[in-house]
Amino acid sequence: MSRLANAFQTNQTNLIPYLVAGYPSVEATIDLIHLLAEEGVTAIELGVPFSDPVADGPIIQLAAEKALSNGITLSDVFAIAQTVRDQGNTIPLILFSYYNPLLSYGLEKVAIDAEKAGFSGFIVPDLPYEESDLLRTQLEQVSLDLIPLVAPTSEERVAKIAATAKGFVYCVSSLGTTGVRQSFASNLDSFLQQVRSSSRVPIAVGFGVSTASQVQELRTKADGVIVGSALVKQVTEMEQALCKEDEKQVALNTIRGFVKKLLS
Amino acid sequence: MTKSSSRFGAFGGRFVPETLMNAVLELEQGFESILNDPTFEKEMRDLLVNYSGRPTPLTFAKRLTEFAGGAEIYLKREDLNHTGAHKINNTIGQALLAKKMGKRKLIAETGAGQHGVASATIAALLGMECKVYMGEEDVRRQAQNVFRMELLGAEVVPVTSGSRTLKDATNEAMRAWVAAVEDSFYLIGSAVGPHPYPQMVKYFQRVIGDEARAQMIEQTGSLPTDVVACVGGGSNAIGMFTAFVEDSAVKIHGVEAAGKGLDTNEHAASLSLGRPGVLHGSFSYILHDENGQIIPAHSISAGLDYPGVGPEHAHLKEIGRVRYTAVTDEQAMEAVKLLCRLEGIIPAIESAHALSEAVRLASQGSVAEKILVCLSGRGDKDMGTIREYFQGESE
Ligand SMILES: Cc1ncc(COP(=O)(O)O)c(C=O)c1O
């Protein structure tokens, strides 16, 4: 069984937080991964900053811009993963990246290096099913999962996408970009049921999940809940403090409080 | 739906979030449904003729030809379209398709505002809502066009992400489309984007080359020796080239913006200096660094100031059918001046890139040769830039 599939079976929190790798710094990202693992999350998505993130809303866009201005590259993201592994952390890590940085790195090399660094799977938001063969083949060589996205508008596409899914199926809970939202697609329940019935792997739901009560609600409907912008927003609020040795602990505690609330 | 048609050789495809896939597939069906629809064709022809003023003339540039001292130069006058450029051909086609598909809201991106103005224009004509995404930097530089769009009833949304220019406006337009996919139509401004956009934009722009080819034969008795067009995203170029691609004797030249020079970092020459990658939904030549991060382009002409290019151009380059070259800001501005003084035509700075290359080719050619240039637009929109440039030069 893949590390991810195993995590869904053994972990009860069902929470999959998203971090922008290298934001606000490489060290802070490492601290945050440890923190999230300590709180018992199921897996962590590490977002590779990209100059043109069409699927992301303003909070993640801005964080990615800052990470890029710090010079963060895919190699740095691998180094972050390697470091937490070397420090004994076994939390499943998922690489979240737009396609172009992967293409530039080379699909074969990216699969090999991601596996070496300890990643379990990939999410590529601008790589729909029809274009995914090349990457999937490379990931299969190293037994990494290509986690597909499905949307409430996917309709008859759901079946074929879910059929080839590895790791889990990422269900987009609302149309639009990632971001903090009050409400989800009106047909969310029937959509999740549809995905569930065509999928042999767990289903996780995300895009716009921001409050503890939303997490509570969605946990009962899916095997995992992805929290991105809401967490990155917390990181943004603590951006300065996270990078100062004497203020870091207070900042991390604040973020820990937020995560605990999500899990309560 | 044919999978093969989404590619031009290795290029093209459909690299969009799953949230857009259904919209893109629906668009593909809509596009395919008009291909053999005489009613649609008739409605489109009517607007092209009676609203935009087609066919646009073919002008023999006599004095420019004498100046170059070699081959004859002919201008395809897309500058004489309503709103001043070829962009209207595409917006007429796409807006009519939107209407046919039951979408009442148009979303568009714009750099300088030329495509934004053409979109706002057609939205007004057809009684549709229109939102134009425009980088904050361009909103500032092109205040006149922002006012024009607003006057025509469109809403201009300033985009503050990334480099705040055309590429970021395109990102934001795609995001807006995802959020409003049920009732909105994304009216893309060039031969870029995910399939079927590059095919569709070519279909709506090929009228340029179809007319020009017939006009060359009628006015001169034969095909041109060379065909030249500027390449931003590549819509006027693909519209011009398509009619000649099968004429193997005709040499075809695409002209990108070399900005401050191909040896500087400030250019927009995706085909000349970029490498293949994915931007805005298709696999083509793009400007990006070794980590796959997109590099902002530079050109004095906002319409060429884009770090990507339509995938069919990547293919035409790869198979060697079209020669792609680049012209600097300085060379283009020189050509602006030439056309003003010798022909009494103020060209768009974009089009002046093609002119500059045409004059160079003509000066090397023999009098028996004929060079056809796509004069994609007029320079009214560029008055501020042109004035500033020549003032700066004379100081
Ligand atoms: C007059 C004119 N020519 C050319 C272009 C470049 O676009 P394309 O390469 O799609 O023809 C523009 C774009 O705004 C334009 O306004």
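The values are calculated or read from the model by the stated rules, or taken from the named source; none is laboratory data. The structure displayed is predicted, hence computed values, not measured ones. Cβ placement follows ideal geometry from the backbone for every residue including glycine, while neighbour counts extend to all protein chains displayed. These accessible areas exclude ligands, DNA and RNA; they are computed on the full protein's heavy atoms, side chains included. Shrake-Rupley method; radii C 1.70, N 1.55, O 1.52, S 1.80 Å.
Observations
- Partner chain coverage, peptide B:10-17 - average Cβ within 10 angstrom: 5
- Over every Cα atom in the protein assembly as shown, the radius of gyration and the widest Cα-Cα span, Dmax, amount to 26.1, 83 Å.
- Anchor B:K100: lysines whose Cα lies under 21 Å away (excluding residues fewer than 8 positions away in-chain): B:K42, B:K87, B:K131, B:K202
- Value of D in µm² per second that Stokes-Einstein yields for the range B:258-367, Kirkwood Rh from Cα pairs, at 4 °C (1.567 mPa s): 88 µm²/s
- Relative contact order (%) - criterion: Cα under 8 Å, at least six apart; region: chain A: 21 percent
- Taking every DSSP bridge with both residues inside chain B, close to 30 percent are antiparallel.
- If both residues of a DSSP beta bridge must be in the protein assembly as shown, then about 20% of such bridges are antiparallel.
- Pairwise centroid distance, computed over Cα atoms, of the range B:1-52 with the range B:171-185, Å: 17 Å
- Modelled label positions at A:S197 and A:E38, each set 7 Å beyond Cα in the direction of Cβ, lie 4.5 nm from each other.
- Accessible area in square angstrom per residue, chain A, 1.4 angstrom probe: 37 Å²
- Within chain B, longest stretch clear of exposed trypsin sites (Lys or Arg not before Pro) (DSSP loop, no more than 16 other Cβ within 10 Å): B:105-259
- Per-q log10 I(q)/I(0), the range B:31-83, q = 0.12, 0.13, 0.32 Å⁻¹ (Debye; single scatterer per alpha-carbon; no solvent): -0.46, -0.51, -1.07
- Shown for the protein assembly as shown: the carbon plus sulfur share of the solvent-accessible area, taken with all protein chains present and a 1.4 angstrom probe, equals 50%.
- Contour excess over end-to-end distance, with Cα ends at B:V245 and B:L273 and 0.36 nm allotted per residue: 7.7 nm
- Computed E for B:R140/B:M383 - FRET, C-beta separation, R0 22 angstrom, nearest 0.05: 0.85
- Gaussian network model of chain B, Cα within-10 Å springs - most flexible of B:I349, B:I92, B:I34: B:I34
- Average partner coverage of B:18-28, which counts Cβ from other chains inside 10 Å: 6
- Euclidean distance of C-alpha centroids, the range B:137-165 and the range A:71-110, integer Å: 38 Å
- The phi-based Karplus calculation (6.51 cos²θ - 1.76 cosθ + 1.60; θ = phi - 60°) puts the 3J(HN,Hα) values of the range B:66-77 at 4, 4, 5, x, x, 5, 6, 10, 10, 10, 8, 8 Hz, whole numbers, x for Gly and Pro.
- Near B:I346, the amide H atoms lying under 5 Å from its own belong to B:G379; only residues 5 or more places off or on other chains count, and H is placed 1.01 Å from N.
- Mean shadow area of the range A:15-99, taken as a quarter of the surface of its Cα convex hull (nm²): 5.2 nm²
- Cα gyration tensor, chain B - rounded (a/c under 1.5), prolate or oblate: rounded
- Cα extents of the range B:202-256 along the three principal axes, largest first (Å): 32, 21, 17
- Every helix of 4 or more DSSP H residues in chain B counts as -39500 (n - 2.57), and over all residues that averages to -13500 deg cm²/dmol at 222 nm.
- Taking only the alpha carbons of the range A:191-235, we obtain Rg and Dmax values of 11.5, 36 Å in that order.
- Within 10 Å of the Cβ of each residue in B:175-181, the mean number of Cβ atoms contributed by other protein chains is 5.
- Stretching B:C340 away from B:K42 to a fully extended chain increases their span by 103.6 nm, per 0.36 nm per residue minus the current alpha-carbon distance.
- Beta bridges assigned by DSSP with both partners in the range B:221-313 are antiparallel in approximately 60 percent of cases.
- Solvent accessible area, Å² - B:M383, 1.4 Å probe, full protein context: 90 Å²
- The stretch between B:E218 and B:V49, if pulled fully straight at 0.36 nm per residue, gains 58.9 nm over its current Cα-Cα span.
- Scanning chain A for trypsin sites (Lys or Arg not before Pro) lying in DSSP loops with no more than 12 further Cβ atoms inside 10 Å, the longest uninterrupted stretch between such sites is A:1-199.
- As a calculated quantity, the FRET efficiency between A:E237 and B:L151 at R0 = 30 Å, using C-beta atoms, amounts to about 0.10.
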